[in-house]
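Report on the following structure.
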């Protein structure tokens, strides 16, 4: 694996590296870790990479790695930059024969997302997107239960993602994570809704198997002087008639990372909290049942993504690792000329398009005087 972004002062780069290395399927062999050659070199040194595999630009890395013998050059590229720097290296990597794993949102704009989808299809290569919450075993179990009709016809979906870390104008400090996420040139057209609202949208569609077909959104920038939204409330209509509510906020004072989802059908309901990821609640009017990993009968999908004996907690890193492991399996299958096992799934380029379409639709709805806005994809 090669990496673009993820210098020593970046949070998510280290997460990607640890997740990729977790199962021994992927080895980091090169990188361009910063737009600063000195910072890239320092990161490479800290990661014990040889100097000649640490590059000053992603263009140099892709073309130099392409010239190396097969078995020595990188096989795939992991992109962990701010949003505005997702599309250029992804496009160049795919066009030069490298598989790509990209952080979300997939691109800066919906037009870029659609163009990238065409490039992926033309290349025939593997593309993954790190909507990491889909990697949790209990999320897989919830998806399987709904697919098997345990809840009956779905009626209501509530997904919430409150954080509080941007309650103050952190972008006026030297806090790098706040600076780029609140800058339209780097983050894109949305702030909170692009950063975490897309996670909520993706989780709702992944678990239910339903697509959002129209919505009604209200976005706010509560912190004075902030350029992008830091809070959003969205009413949802799903295909098939289910209704929903999505709210995401980064000014929810005191909240950490409170992603939660509730799905209700004619026969029962499900509830999952990201901060208590090993518990899935199945509820009916007769009572509720707690579903835990490795306890009782679980779906094959849930079992394939659970790593520890019962009672041993696992969470964020393991779920992130599940995505990289599954991606590695798909790359290996591609190399061997066979179809990947669908049991080991991961988000892809179409999920990326849905995310950018969600952002555009939410913004259009917020600016419209109409109650409902059709999904723009």
Using alpha carbon centroids, what distance separates region 76-96 and region 13-68, in Å?
-> 13 Å
At q = 0.11 Å⁻¹, what is the base-10 log of I(q)/I(0) for region 144-287 according to the Debye formula with one equal point scatterer per Cα and no solvent? Please give it to two decimals.
-> -0.45
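Counting residues in region 2-129 as N, plug N into 2.2 N^0.38 Å and put the Cα Rg over that result.
Working: Rg = 13.6 Å, N = 128, 2.2 N^0.38 = 13.9 Å.
Here the Cα radius of gyration is 0.98 times the empirical estimate.
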Taking alpha-carbon centroids only, region 286-341 lies from region 102-118 a number of Å equal to 27 Å
Can you give me the relative contact order of region 2-129 as a percent, contacts being Cα pairs under 8 Å and 6 or more apart?
-> 21 percent
Computed, not fitted: 222 nm per-residue ellipticity of the chain from DSSP H runs ≥ 4 (each -39500 (n - 2.57)), nearest 500, equal to -10500 deg cm²/dmol
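Counting only DSSP beta bridges with both residues in the chain, what percent are antiparallel, rounded to the nearest 5?
Numbers: 37 of 59 bridges.
Looking only at bridges with both residues in the chain, the antiparallel portion is about 65 percent.
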Measure nothing but the geometry: give the 0 to 90° angle between the long axis through the Cα atoms of 110-123 and the longest principal axis through the Cα atoms of the chain, rounded to 10°.
-> 60 degrees
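Can you give the FRET efficiency for residue 368 and residue 335, using 1/(1 + (r/R0)^6), R0 = 35 Å, r = Cβ-Cβ distance, to the nearest 0.05? Mind showing how you got there, number by number?
Working: r = 48 Å, r/R0 = 1.36.
It comes out at approximately 0.15.
Classify region 81-227: rounded, prolate or oblate, from the alpha-carbon gyration tensor (a ≥ b ≥ c, eigenvalue square roots; a/c under 1.5 rounded; otherwise prolate if a/b is larger than b/c)?
Numbers: a/c = 2.05, a/b = 1.10, b/c = 1.86.
Note, shape of region 81-227 comes out oblate.
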Gain on full stretching of the segment that runs from residue 253 to residue 48 - 0.36 nm per residue minus C-alpha separation | 69.8 nm
Computed P(r) (all Cα pairs; region 43-84; 5 Å bins; percent) = 5, 19, 25, 32, 14, 4, 1
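Equivalent ellipsoid semi-axes for region 323-377, as square roots of 5 times the alpha carbon gyration tensor eigenvalues: give them largest first, rounded to whole Å.
Values: eigenvalues 273, 15, 13 Å².
Equivalent ellipsoid of region 323-377: 37, 9, 8 Å, largest first.
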Label points 7 Å out from Cα along the Cβ direction at residue 115 and residue 222: separation in nm?
-> 3.7 nm
By counting other Cβ atoms within 10 Å of each Cβ, how are 212, 290, 179 ranked from fewest to most?
-> 290, 179, 212
Working from Cα positions, state the angle (0 to 90°, nearest 10) between the long axis of helix 316-335 and the longest principal axis of the chain.
-> 60 degrees
How long is region 240-377 along each principal axis, judged by its Cα atoms, biggest number first, in Å?
-> 52, 48, 35
Based on the Cα coordinates of region 219-285, what is the per residue volume of their convex hull in Å³?
-> 120 Å³
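Over the chain, what is the relative contact order in percent, taking alpha-carbon pairs closer than 8 angstrom and at least six residues apart? Walk me through the numbers on the way to the answer.
Values: 816 pairs, mean separation 72.7, N = 377.
Computed over the chain, the figure is 19 percent.
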Could you tell me how many degrees, from 0 to 90 and to the nearest 10, lie between the Cα long axis of helix 137-147 and the main elongation axis, the longest principal axis, of the Cα atoms of the chain?
-> 50 degrees
Quick numbers on the chain, Rg and Dmax over C-alpha atoms in Å, give 20.5, 65
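FYI, it's all coordinate maths here, none of it is from the lab. Every value quoted in this text rests on a predicted model; they were computed, and no experiment measured them. Glycine gets a Cβ as well: all are built from the backbone with ideal geometry, and neighbour counts include every protein chain shown.
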